[in-house]
Amino acid sequence: MKVCIFHSRMGTEIGSALRAAHPELDIEVVTDTERDPPCAGELEVLVANTFPPGMLGRCPKLRWLQLTGAGTEHVPAGAPPKHLLLTHAGNVPARAVAEFAWMGLLALAKDAPTLVRQQRAHEWKPPSARLLAGSTLVIAGLGHIGQQIALRARGFELRTVAITHSGRASPLVDEVRPASHLPDAVRDADHLVISLPANRSTTQPPLINEAAIRALPHGAVLINVARAAVLDNGAVVRALQEKRLRAALLDVHEQEPLPPDSPLWDVEGLWITPHGAFRYPQEAPDLSRLILDNLTFFRAGMPLRNQVDLPRAVDS
């Protein structure tokens with residue numbers, strides 16, 4: 001079986017773990033992800049995060065694609081074969097992203113950016129801090145990341161409302177509202193955290209649009225740890241400039257890296273972070289364990305963990 005670990009950052013570490021566990025397999029590590037791997041025509045299993053446009057269609061023997069992230073919106077651009085098994089990383093990145101979102105919630109509630117600026121200026125002033133307990137957290141999207149965010153809300157005594165496509169009830173939150181009721185669902189939000197998948201229904205146009213931003217109460221906070229395309233960034237900037245939003249944190253951006261001359265860097269109340277919410281020291285070992293489990297299931301013909309219906313991923 002030909003396996004390719006196609007990852008610029010974690011390829012070597014994941015490849016070493018797989019080779020140690022399965023020395024009988026033909027495992028190739030490719031860290032240059034700007035072009036097709038040399039083994040494209042022969043590989044049966046691909047572990048990757050991103051790949052050149054159309055690459056999956058140039059892998060005629062490919063049977064299983066294991067993504068190292070939680071999103072699947074980029075898979076269609078790879079032109080995958082119809083029979084392909086598709087799995088994502090599930091809770092491996094989701095836990096880290098949820099913790100990052102909570103870092104933002106706590107930091108913005110306690111006015112941490114101002115405290116940092118005041119320390120640098122040697123200023124002694126009380127912060128404009130608020131209490132999270134008793135406030136309302138709206139989570140847009142209740143997939144792996146949204147669920148992990150909701151789980152952590154219980155300890156902070158927040159009321160939680162989730163916005164999902166279906167609006168089906170969930171024991172993880174106090175209330176679930178359908179996306180079709182989005183403006184009404186956010187009217188009481190003290191905090192809006194966006195963890196939506198990027199697909200046609202959430203990006204064309206952005207689901208979190210001008211109307212949704214204007215529906216937020218004065219002084220609310222917004223955090224986006226999903227994809228830039230699900231949010232109208234212009235509406236966020238206007239809300240900050242008009243002092244309708246108290247603050248916002250964006251970890252995902254339309255252009256990455258964000259250019260040094262982007263006006264977003266200097267918007268008052270906007271916290272820019274470099275799309276690293278998913279990162280932590282044990283990311284590669286945790287992913288390796290997931291991949292090894294799925295490799296065992298794959299060879300045994302069993303269902304894989306975090307398996308996604310490929311037609312739905314392509315058509316969404």
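The values are calculated or read from the model by the stated rules, or taken from the named source; none is laboratory data. Please read these numbers as outputs of a predicted model, since none were measured by experiment. A quick note on method: Cβ atoms are made from the backbone with ideal geometry, for glycine too, and the neighbour counts reach across all protein chains shown. For the accessible areas, the whole protein counts, side chains as well, though only heavy atoms, and no ligand, DNA or RNA atoms are used. Shrake-Rupley method; radii C 1.70, N 1.55, O 1.52, S 1.80 Å.
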### Query
If you scan the stretch 263-303, which residues turn out to be among the small types (Gly, Ala, Ser), more than 18 Å from the chain's Cα centre (by Cα) and open to solvent by 20 Å² or more (accessible area, probe 1.4 Å)?
Gly269, Ala300, Gly301
### Summary
By residue number, the members of the stretch 1-34 that are part of a loop (DSSP other than H, G, I, E, B) and touching a helix residue (DSSP H, G or I) at 6+ places or on another chain (Cβ under 9 Å) are Met1, His7, Arg9, Met10, His22, Leu25, Thr31, Thr33
#### Entry: Filter result for the condition that a residue is modelled with pLDDT of 95 or more, open to solvent by 10 Å² or more (accessible area, probe 1.4 Å) and under 29 Å from Leu240 (Cα atoms), over Ala133, Ala94
Ala133
### Identity of the residue in the stretch 22-48, surrounded by fewer than 18 Cβ atoms within 10 Å (Cβ to Cβ) and in contact (Cβ under 8 Å) with a residue 40 or more places away in the chain, that ends up nearest to Ile291 (Cα to Cα)
His22
## Note on the structure
For the stretch 112-134 the number of residues that are of a type in the set (Ser, Thr, Tyr) and either in contact with a Gly (Cβ under 7 Å, 6 or more places away or on another chain) or not in a loop (DSSP other than H, G, I, E, B) (or both) is 1
### Query
When Glu99 is evaluated against the numbered criteria (1) more than 16 Å from the chain's Cα centre (by Cα); (2) surrounded by fewer than 18 Cβ atoms within 10 Å (Cβ to Cβ), which criterion, by number, is the only one it fails?
(1)
### Query
Out of (1) within 18 Å of Val230 (Cβ to Cβ); (2) part of a loop (DSSP other than H, G, I, E, B); (3) at pLDDT 95 or above; (4) touching a helix residue (DSSP H, G or I) at 6+ places or on another chain (Cβ under 6 Å), the odd one out for Leu172 is which?
(1)
### Message
It is to be established whether one or more residues within the stretch 265-273 are closer than 22 Å to Leu106 by Cβ and either aromatic (Phe, Trp, Tyr) or modelled with pLDDT under 95 (or both).
### Response
yes
